[in-house]
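The values are calculated or read from the model by the stated rules, or taken from the named source; none is laboratory data. Because the structure is a prediction, the values reported are computed rather than measured. Glycine also receives a Cβ, built like all others from the backbone with ideal geometry; neighbour counts cover every protein chain displayed. Calculation scope for accessible area: heavy atoms of the full protein, side chains included, ligands and nucleic acids excluded. Shrake-Rupley method; radii C 1.70, N 1.55, O 1.52, S 1.80 Å.
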Protein chains: 2
Amino acid sequence: MAIEWSSSGLDLHVDWDAGRRGQRLADAIRNAVRDGRLAAGTRMPSTRALAADLGVARGTVTRAYTELSAEGYLRGRQGAPTVVAVLPVLSMPATTTAPAPAGRPEADWRWSMMPGRPDLSLFPRAAWLAATRRALANASAADLNYGDPQGHPALRVALAEYLGRVRGVVTTPDQIVVCGGYSQALGMLATVLRAAGGRSVAFENPSLRRFRQVVIDAGLDTVGVPVDEHGIQVDELAELAGHCAVVVTPAHQFPLGATLHPHRRAALVELARTTGTLVIEDDYDGEFRFDRQPVGALQAMAPDQVVYAGTASKTLAPGLRLSWLVLPQRLVEPVRAARGGDRHNSVIEQLVMAELLTSGVYDQHVRRCRTHYRRRRDRLVDRITELGGELAAAGIAAGLQVVVLLGDRTTEAEVLARAVRRSLLVMGLGATWMDTPERPRPGGIIVGYAAPPEHAFGPALRVLAEVLGGPPADIR
Amino acid sequence: MAIEWSSSGLDLHVDWDAGRRGQRLADAIRNAVRDGRLAAGTRMPSTRALAADLGVARGTVTRAYTELSAEGYLRGRQGAPTVVAVLPVLSMPATTTAPAPAGRPEADWRWSMMPGRPDLSLFPRAAWLAATRRALANASAADLNYGDPQGHPALRVALAEYLGRVRGVVTTPDQIVVCGGYSQALGMLATVLRAAGGRSVAFENPSLRRFRQVVIDAGLDTVGVPVDEHGIQVDELAELAGHCAVVVTPAHQFPLGATLHPHRRAALVELARTTGTLVIEDDYDGEFRFDRQPVGALQAMAPDQVVYAGTASKTLAPGLRLSWLVLPQRLVEPVRAARGGDRHNSVIEQLVMAELLTSGVYDQHVRRCRTHYRRRRDRLVDRITELGGELAAAGIAAGLQVVVLLGDRTTEAEVLARAVRRSLLVMGLGATWMDTPERPRPGGIIVGYAAPPEHAFGPALRVLAEVLGGPPADIR
């Protein structure tokens with residue numbers, strides 16, 4: 001039989017039939033400590049409790065504890081509870097790693113200006129906790145059961161209202177699918193397109209490589225469409241053939257930062273209608289607009305032809321793994337199916353998000369962040385202007401990043417090398433191109449000015465300036 | 001340009017150049033309400049605020065509001081804020097559905113005795129909230145960034161200690177992968193096995209069809225191994241060829257409820273060692289043991305040959321979508337890769353779970369549930385005994401369900417038909433077999449006695465008794 005005590009549920013699997021119980025008990029505990037089943041610091045039951053549980057004399061347990069303490073497996077002082085001693089049992093695992101260039105974990109950089117990262121020190125912890133309290137108070141028992149693979153209805157209703165009001169998205173709750181981040185959402189769309197016979201997906205060139213890879217992993221090819229100061233060149237897209245969808249960032253092209261021109265918006269929608277091409281609108285930072293230009297969702301112009309993709313990764317935190325798709329009705333079932341049984345979001349987190357949206361707390365938080373980021377944007381742009389030379393900041397009207405175009409004075413490689421030496425994490429524009437042209441393209445650095453916590457923004461900005469300015473001493 | 005106001009971030013896209021501004025404003029708001037961008041109940045800005053935002057006379061806005069109120073698009077009373085009126089805009093989506101037999105959503109049944117469901121009314125809401133407070137207070141900003149695909153280190157450390165202490169699992173935190181439910185975990189394992197050239201996976205016969213389907217979806221075949229009162233028949237497994245892994249439920253065979261006999265445990269581990277077969281230990285309800293039989297994890301006997309799979313779906317709630325795998329070192333990287341970038345759990349929920357484990361609150365909760373379920377088990381078994389006849393309850397030593405064997409007096413189909421008429425959700429044993437034998441097998445009903453909330457257990461038990469007893473009036 002096994003030794004077991006109700007106070008800790010420990011189960012030691014000791015051969016317990018024969019005699020010499022004290023000895024066997026000691027052996028069992030020693031082995032448990034040795035192979036890690038009893039971790040260092042684990043509080044042992046009192047000798048009285050264990051003796052009662054095992055139906056043996058208390059002295060038997062006391063002797064075992066004494067022997068093991070002498071051997072260093074247990075620690076006990078008069079009056080204090082006996083605990084398992086520290087032995088080299090559990091090796092700490094590698095710490096959290098986030099995608100970053102140069103293969104170095106993001107956390108290992110002294111300064112991070114990684115594009116697409118919000119200031120995580122702004123995460124509304126108190127509001128999240130309060131919303132959790134309300135969500136738990138209002139949730140029914142049934143809410144805690146296996147949920148709707150499309151996402152909890154309460155969250156979809158809240159998102160439909162929010163996206164309609166703030167982003168001009170035209171949708172009902174049943175066209176919305178709650179997802180575990182934009183990568184997952186894009187992957188599911190790619191799977192659906194592939195299953196429908198799709199062969200390739202068009203992307204803006206330049207664009208983020210990570211998302212193109214998601215589409216490639218789903219078995220599709222990717223093709224690039226050039227981008228200029230008015231966004232994706234729709235006439236170039238029209239020249240292409242064989243693609244079933246195009247992924248665009250109309251509100252704030254990543255990484256160049258252009259807003260899709262109204263004429264281009266109309267042309268893109270028209271092209272989608274006539275060719276049947278599906279437009280996937282990546283509205284990754286649509287909430288963060290610093291001018292008063294109209295930039296409602298493209299989706300509103302053609303809800304049957306445009307998939308809208310939004311996320312909480314920029315407004316709250318990437319660690320939530322919470323995003324949403326607004327789909328043309330015909331795509332809802334296929335995406336539900338692609339989502340399968342293994343990609344549901346936690347229902348409690350969905351209910352918390354619904355609380356934040358319906359209570360207006362989410363709007364307040366986004367407004368606070370918008371002001372915060374606008375101020376940083378201004379400081380960054382001023383700094384670039386001071387540096388002068390051929391440096392120019394582009395894509396400054398919205399979002400969490402700008403691209404600093406370097407001109408011919410210095411190369412991207414030089415600047416990135418200096419950034420690495422200063423342990424400043426930024427992204428090179430070069431990594432976002434889909435092709436290698438004859439003439440080298442102007443170098444650029446994508447600066448995520450939202451990433452540093454407030455106290456580190458000033459210093460990070462100084463390091464960036466030095467890296468961009470590249471004082472001779474530093475170039476040598 | 002677009003109308004936009006800072007107080008709500010609304011973006012109306014109204015053609016705003018020409019005159020008749022009051023009229024155009026009214027049109028814009030009317031359209032927004034009509035197509036759902038302005039949802040019912042949305043609070044409109046004050047006429048003063050909107051007028052200021054648009055740089056028009058306040059009277060212009062007032063006229064537009066008055067007109068729209070007259071048309072029923074807005075509702076406003078003296079002194080009260082103007083809100084969008086209720087229009088048939090948002091169609092409520094279908095409510096949460098959970099897998100259930102007879103294709104009927106679980107929530108639609110009057111009485112649920114669905115196997116594998118905990119009593120969701122026991123979910124420790126207060127403890128969860130308190131743990132959330134602690135988790136949010138202790139989390140670093142970096143914790144909220146994109147996390148470790150293997151799961152947050154803090155949770156893996158807590159799981160290693162807990163699983164070692166309570167289930168006898170031999171592991172270090174870096175052999176643990178946090179997953180979004182057992183289906184996801186099994187699916188990733190199947191993907192890894194398939195990529196390594198695996199062709200088929202052996203399952204206990206009977207076993208839950210849903211999980212066999214997960215393996216089939218990953219491109220593998222399944223083969224059945226008979227089960228008797230001592231669990232899976234290892235000698236029959238030894239006869240098989242071509243399978244790369246076997247999925248077993250050693251602590252409490254689903255659905256027959258046997259505990260794998262010590263000799264079988266030894267034989268299975270030995271077979272795995274000699275043939276290289278991977279053993280996947282589904283410890284779905286290992287925490288709920290009602291006798292004092294030793295049932296530590298099989299994994300402890302051969303950590304290099306056995307994958308341990310555990311879940312919070314039975315101890316807390318399925319809606320959390322939280323489970324864990326303990327892997328042989330060689331499988332950690334492949335599973336990490338299969339997990340990819342699109343299946344991370346929410347970091348906040350992971351930190352909350354770590355808090356529950358390290359604080360001992362989780363142990364307390366499991367103990368409370370164990371007592372609760374043992375009492376229900378006793379009541380159910382007593383009732384079956386009272387009914388007498390050929391009815392027999394099996395698999396009663398552990399877990400959240402028993403199987404009621406019907407004998408020859410009544411057929412499974414009859415009982416299930418009566419259950420449907422009474423709106424009682426139970427599972428038929430027939431659905432769990434992997435083959436159709438020559439002679440019909442004895443019918444059985446799998447009763448999940450944990451599923452009903454406390455107030456409904458008594459009534460559900462009465463209905464079950466009637467369904468099983470099948471009074472003449474009911475059979476007619």
Here's a check for you: in the stretch B:340-392, which residue that is closer than 30 Å to B:Leu429 by Cα, within 9 Å of another protein chain (Cβ to nearest Cβ) and open to solvent by 20 Å² or more (accessible area, probe 1.4 Å) is farthest from the chain's Cα centre (by Cα)? B:Arg367
Any chance B:Arg376 is charged (D, E, K, R) and within 30 Å of B:His263 (Cβ to Cβ): no
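Let's see how each residue does on (1) over 30 Å from A:Asp143 (Cα atoms); (2) at pLDDT 70 or above; (3) in contact with a Pro (Cβ under 9 Å, 6 or more places away or on another chain); (4) outside any loop (DSSP other than H, G, I, E, B):
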| position | (1), (2), (3), (4) |
| --- | --- |
| B:Asp15 | yes, no, no, no |
| B:Thr60 | yes, yes, no, yes |
| B:Arg77 | yes, no, no, no |
| B:Pro88 | no, no, no, no |
So, in the stretch A:21-47, exactly how many residues are open to solvent by 20 Å² or more (accessible area, probe 1.4 Å), modelled with pLDDT of 75 or more and touching a Ser or Thr at 6+ places or on another chain (Cβ under 6 Å)? 1
Only one of (1) buried (at least 23 other Cβ atoms within 10 Å of the Cβ); (2) touching a helix residue (DSSP H, G or I) at 6+ places or on another chain (Cβ under 7 Å); (3) assigned to a loop (DSSP other than H, G, I, E, B) fails for B:Pro149. Which number is that? (1)
Among the listed residues A:Gln253, A:Gln305, which satisfies the condition of being within 30 Å of A:Leu356 (Cβ to Cβ) and polar (S, T, N, Q)? A:Gln253
Kindly provide the set of residues from the stretch B:179-205 that are within 11 Å of chain A (Cβ to nearest Cβ) and under 25 Å from B:Arg289 (Cα atoms), ordered by number. B:Cys179, B:Gly180, B:Gly181, B:Tyr182, B:Ser183, B:Ala185, B:Leu186
Which one is nearest to A:Leu155 (Cα to Cα) among residues in the stretch A:290-310 that are assigned to a strand (DSSP E or B) and in contact (Cβ under 8 Å) with a residue 40 or more places away in the chain? A:Gly310
Flag for A:Val225 being of a type in the set (A, V, I, L, M), open to solvent by less than 30 Å² (accessible area, probe 1.4 Å) and in contact with a strand residue (DSSP E or B) (Cβ under 8 Å, 6 or more places away or on another chain): yes
Answer yes or no as to whether B:Arg265 is under 29 Å from B:Thr371 (Cα atoms) and free of Cβ contacts under 8 Å to residues at least 12 places away in the same chain. no
What is the residue count in the stretch B:161-170 for residues that are of a type outside the set (D, E, K, R), within 7 Å of chain A (Cβ to nearest Cβ) and touching a residue at least 40 places away in the same chain (Cβ under 8 Å)? 3
Hey, could you check the stretch B:183-221 for residues that are among the small types (Gly, Ala, Ser) and farther than 21 Å from B:Thr275 by Cα and say which is nearest to the chain's Cα centre (by Cα)? B:Ser183
Limited to the stretch B:206-216, what total is found for residues that are within 12 Å of chain A (Cβ to nearest Cβ) and out of contact with any Gly (no Cβ under 7 Å at 6 or more places or on another chain)? 3
Please find, within the stretch A:159-210, the residue that is farthest from A:Val361 (Cα to Cα) out of those that are open to solvent by 10 Å² or more (accessible area, probe 1.4 Å), assigned to a helix (DSSP H, G or I) and among the aliphatic types (A, V, I, L, M). A:Ala195
Out of (1) within 22 Å of the chain's Cα centre (by Cα); (2) within 30 Å of A:Ala338 (Cα to Cα), what's the single condition that is false for B:Gly257? (2)
Would you confirm, using the coordinates I've provided, whether A:Ser423 is surrounded by fewer than 17 Cβ atoms within 10 Å (Cβ to Cβ) and in contact with a strand residue (DSSP E or B) (Cβ under 7 Å, 6 or more places away or on another chain)? yes
Output for the stretch A:119-129, where each listed residue is touching a residue at least 12 places away in the same chain (Cβ under 8 Å) and either part of a helix (DSSP H, G or I) or facing another protein chain (nearest Cβ under 9 Å) (or both): A:Asp119, A:Leu120, A:Ser121, A:Leu122, A:Phe123, A:Ala127, A:Trp128
Search the stretch B:135-146 for residues being more than 7 Å from chain A (Cβ to nearest Cβ) and part of a helix (DSSP H, G or I), and hand back the single one that is farthest from A:Glu454 (Cα to Cα). B:Ala135
Return yes or no: is B:Ala241 away from every other protein chain (no Cβ under 14 Å), without any contact (Cβ under 8 Å) to a residue 12 or more places away in the chain and outside any helix (DSSP H, G or I)? yes
I want to confirm something. Restricting to the stretch B:302-338 and keeping residues that are in contact with a Pro (Cβ under 6 Å, 6 or more places away or on another chain) and surrounded by fewer than 22 Cβ atoms within 10 Å (Cβ to Cβ), which single residue is nearest to the other protein chains (Cβ to nearest Cβ)? B:Arg336
